[in-house]
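Have a look at the structure below before the remarks.
Just so it is clear, none of the values below were taken in a lab; they were calculated from the coordinates. This structure is a prediction, so every number in the text was calculated from the model and none was measured. Heads up, the Cβs are rebuilt from the backbone with ideal geometry, glycines too, and the neighbour counts pull from every protein chain shown.
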Amino acid sequence: MVSKELRSAQEAFQANEQELRRARDEFENKLTKRTAELRRSEKERRDLLDSIPAIEWSKEEKRNSAMSGAAGGLLKYYQREAA
């Protein structure tokens, strides 16, 4: 009787363990896919901004600012010329 109960508990534990593994694998796949989408989106945004000759923006509430690569290159050029 005890042996039967132990076997039943072990089978239930193994079934739960398999379900957790499946859920973890599904989560990891979704996370990998979403991370790739975010990286692709960020690259597209950065490429677009870098294609604009000069742009600067800031978010005062967070004190963030950024400059496109093209604008940064122009700024460095003008700084060298002024020196």
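Backbone phi angles across the range 20-26, fed through the Karplus curve with coefficients 6.51, -1.76 and 1.60 (θ = phi - 60°), yield HN-Hα couplings of 5, 4, 4, 5, 4, 4, 5 Hz in residue order; Gly and Pro are listed as x.
The range 1-24 and the range 32-54 have Cα centres spaced 45 Å apart. Karplus-derived 3J(HN,Hα) values for the range 35-41, using 6.51 cos²θ - 1.76 cosθ + 1.60 with θ = phi - 60°, are 4, 5, 4, 5, 4, 5, 5 Hz; glycine and proline are entered as x.
Placing +1 on each Lys and Arg Cβ and -1 on each Asp and Glu Cβ, with no other charges, gives the range 1-51 a dipole about its Cα centre of roughly 80 debye. Taking Cβ atoms as reference points and 14 Å as the exclusive limit, the residues near residue 20 contribute a net charge of -2, counting Lys and Arg as +1 and Asp and Glu as -1.
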